[in-house]
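The numbers here are math on the coordinates, done by the rules we state, and not lab data. Keep in mind that this is a model prediction, so the values were computed, not measured. Because the Cβ atoms are built from the backbone with ideal geometry, glycine has one as well, and the counts that use them run over all protein chains shown.
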């Protein structure tokens, strides 16, 4: 009986130590995680929304120096983000777009940046040229994908090829517009995207492939 009680006591002590360690790690991570600051920038990327809204909604939003808020398209009120982590901003933005019945199931990604990081980001761009709706230099944002950049430039035109060239550090690679994996390519600052002219015999698949 005594041995059994000792085993139970040891098991409880181990469980308590494990729980305390996990709590300590969670608190430490929360303390060190980056948070939005007044005068900084929050980058918002929404997926699973209408294509025509991508260019209007996705982008960098300055955090007000006076009240710590950002203004997002279509929302009734400004959102207070100062002091919040990226994950907290994502949850808040998603909740607001759903509760106001603007989007039904948006997937939100957010990244917070300090004032210094915001200034640095303003000097980094992605160039999009060729057969797109609008040739532009897009301000780079963390997590930006190939398809997002194309959609923000009006997408490829009827004369645009499915073969998309991306030049990075003087190395050019070709990606397929109709490949889900290629569309999700993560861009880097100073990337150059070029949409070639569509060949006479080049067809258009009816759906996106892997």
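For 164, 156, 193, what ranking results if the residue with the fewest other Cβ atoms within 10 Å of its Cβ goes first? Could the numbers behind the result be given before it?
Details: 164 27, 156 20, 193 23.
Ascending Cβ contact count within 10 Å gives the list 156, 193, 164.
Taking a ≥ b ≥ c as the square roots of the eigenvalues of the Cα gyration tensor of region 81-210, is the shape rounded (a/c under 1.5), prolate (a/b larger than b/c) or oblate? Write out the running numbers ahead of the final one.
Values: a/c = 2.53, a/b = 1.49, b/c = 1.70.
Oblate is the answer for region 81-210, as a/c is 1.5 or above yet b/c matches or exceeds a/b.
Applying 1/(1 + (r/R0)^6) with R0 = 30 Å to the Cβ-Cβ distance of residue 71 and residue 208, what FRET efficiency is obtained, to the nearest 0.05? Numbers along the way, then the final one.
Numbers: r = 33 Å, r/R0 = 1.10.
Between residue 71 and residue 208 the formula returns 0.35.
Please give, to one decimal in nm, the separation of the simple spin-label points placed at residue 127 and residue 92, each 7 Å out from Cα toward the Cβ.
Label-label distance for residue 127 and residue 92, simple model: 3.8 nm.
For residue 137 and residue 197, what is the calculated FRET efficiency with R₀ set at 25 Å and r taken between the beta-carbons, to the nearest 0.05?
Working: r = 21 Å, r/R0 = 0.85.
Rounded to the nearest 0.05, the efficiency is 0.75.
Using a basic spin-label model with each label point 7 Å from the Cα along Cα→Cβ, how many nm lie between residue 38 and residue 114?
Simple spin-label model gives 1.8 nm for this pair.
Using the Kirkwood formula on the Cα atoms of region 41-121, what hydrodynamic radius do you get, in angstrom to one decimal? Working shown, then result.
On the way: mean 1/r = 0.0777 Å⁻¹.
When all Cα pairs of region 41-121 are included, the Kirkwood radius is 12.9 Å.
Among 199-209, 167-177, how do they line up from the highest to the lowest mean number of other beta-carbon atoms within 10 Å? Spell out each step's value before the answer.
On the way: 199-209: 8.7, 167-177: 12.3.
Those peptides, ordered most packed to least, come out 167-177, 199-209.
Over the Cα atoms of region 125-197, compute the convex hull volume and normalise it per residue, giving Å³.
Details: hull volume 5.1 nm³, N = 73.
Per residue, the Cα convex hull of region 125-197 comes to 70 Å³.
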